[in-house]
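Below you'll find the structure, written out as structure tokens, and then a few comments.
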Amino acid sequence: MIYEKQKRYIIPFGDVPTPRAEMPEMSIDERRGNFTEVETGFPEIVAVKEAKRCLSCRRCLGCALCWAECKPEAIDFDIPDEELELEFDEVIITKGQDNAFHPFNSQLGYGSFPDVITDLQFERMLSPDGPTNGMVLSPLDGDIPRRIAVIQGHPKDDEAHLFSSLVLGVNESVLALDRAEDLEVALVSPICEAFQEKFFPEAEKIPGLKIIPGLPDAVEKGQGAEPLILKYSQNGEQKQETFDLIVILTKPKISPELVSLSKTLKQDLS
């Protein structure tokens, strides 16, 4: 059916030949205890069918379908183009999160042991809207860990990164300690001068948090159900402790798209 509205001929949405396909998702049971993407994506056959439904809206066909279906009547074809100049004190550039981070020591067990996760994954776990509803749980078996190590993934990086990652590590540790009873958290990292002066004295007073100035070397798995073994160097001495969960402090990688956007806007990302 085609009808006329204010001298424009309209094809209603109901006349589009096939309805939109629903995105398949993992079941509730499958989502528990992991960070896998919930939406599984279309199979190739469905994706091709969806592509054939495209109305080529990226170039206006003059069909006025958008205008006809917009209930707030926000579309006005008669508004002329104009450029606006706005003044702000600060500009925040964001392109979303692509979870990219710089590589770190492969001996730290990430990707080999399920109970070795990144700070971003830990942040999602601590979120009330995360996969565990804010509870601190082992990704391996769903048990509540009793000992957690938050370790530096880039111990030889510049002071600015060490400072920011240490602050993040303390913040995530405090959240974890608030979520679970009888929890012990150890923060293992070189301590930069800025953190030593501004935060270290107060951080040492946090109940349940132990700060270990050290260099994480490797993570190994004990026999059977035994916990993870963290090996680290402290003052030239090799030490090791066992933990149920290990969180690696990462260094985010700036995406090429964000670099390009910053150049367009003439903004410095440093």
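At-a-glance table
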read-out	value
Within region 112-152, tally of residues that are in a loop (DSSP other than H, G, I, E, B), within 16 Å of residue 217 (Cα to Cα) and either modelled with pLDDT under 90 or not hydrophobic (A, V, I, L, M, F, W, C) (or both)	1
Residues of region 61-71 classified as part of a loop (DSSP other than H, G, I, E, B) and at pLDDT 65 or above, total	5
Which listed residue, of 221, 205, 253, is surrounded by 14 or more Cβ atoms within 10 Å (Cβ to Cβ), of a type outside the set (A, V, I, L, M) and closer than 24 Å to residue 123 by Cα	221
Residue in region 165-172 that is among the charged types (D, E, K, R), surrounded by fewer than 18 Cβ atoms within 10 Å (Cβ to Cβ) and either in a helix (DSSP H, G or I) or modelled with pLDDT of 95 or more (or both) present	no
Checking residue 254 against (1) under 18 Å from residue 165 (Cβ atoms); (2) out of contact with any Lys or Arg (no Cβ under 6 Å at 6 or more places or on another chain); (3) of a type outside the set (D, E, K, R); (4) touching a residue at least 24 places away in the same chain (Cβ under 8 Å), the condition it does not meet	(4)
Subset of region 148-164 [surrounded by fewer than 21 Cβ atoms within 10 Å (Cβ to Cβ), small (Gly, Ala, Ser) and under 22 Å from residue 231 (Cα atoms)]	none
Qualifying residue in region 180-197 (condition: touching a Pro at 6+ places or on another chain (Cβ under 9 Å), closer than 18 Å to residue 120 by Cβ and not in a helix (DSSP H, G or I))	yes
Residue in region 224-239 that is surrounded by 14 or more Cβ atoms within 10 Å (Cβ to Cβ), in contact with a Pro (Cβ under 8 Å, 6 or more places away or on another chain) and touching a residue at least 24 places away in the same chain (Cβ under 8 Å) present	yes
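Let's see how each residue does on (1) closer than 21 Å to residue 115 by Cβ; (2) of a type outside the set (A, V, I, L, M); (3) within 26 Å of the chain's Cα centre (by Cα):
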| residue | (1), (2), (3) |
| --- | --- |
| 178 | yes, yes, yes |
| 185 | yes, no, yes |
| 216 | yes, yes, yes |
| 222 | yes, yes, no |
| 233 | no, yes, no |
| 237 | no, yes, no |
| 256 | no, yes, yes |
| 261 | no, no, yes |
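The values are calculated or read from the model by the stated rules, or taken from the named source; none is laboratory data. Owing to the predicted nature of the structure, the values given are computational and were not obtained by experimental measurement. Note that we place each Cβ from the backbone using ideal geometry, even for glycine, and neighbour counts take in every protein chain shown.
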